[in-house]
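Report on one structure; see the data block that follows.
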Amino acid sequence: MPKEKENPEVLSCPVARFFSEMEKTYGRKSTFFSHLHQSQIEFLKAIRSLVDDQIGELEKKKEKGKKKATKIEVG
């Protein structure tokens, strides 16, 4: 009976594989990873701005929904 392979092929995300190869080749201290890190920060800031805008819109709707009392003089 033939012996099965001991190291089965590992399937992974092509993007993860790309970054893994880049790290092996250039190391984490390369300018590539420096730019990548900065882009992650910018991406998260963009998401935060979308969330902040949505919160602002919801707060405006809440304020518009409140009924304000009108003072009426009875004489």
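A compact table of results
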item: Carbon and sulfur %, accessible surface of segment 12-75 computed with the full protein complex present, 1.4 Å; result: 59
item: Label-to-label distance, nm, for residues given as Ala69 and Phe33 (7 Å Cα→Cβ offset); result: 6.4
item: Degrees, to the nearest 10: 31-65 long Cα axis against longest axis of the chain; result: 20
item: Pairs of Cα atoms farther than 20 Å apart, the chain, %; result: 68
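The values are calculated or read from the model by the stated rules, or taken from the named source; none is laboratory data. No experiment lies behind these values; they were computed from the predicted model shown. So basically every Cβ, Gly included, is an ideal-geometry build from the backbone, and we count neighbours across all protein chains shown. Note: accessible area is taken over every heavy atom of the protein model, side chains too, but ligands, DNA and RNA are not part of it. Shrake-Rupley method; radii C 1.70, N 1.55, O 1.52, S 1.80 Å.
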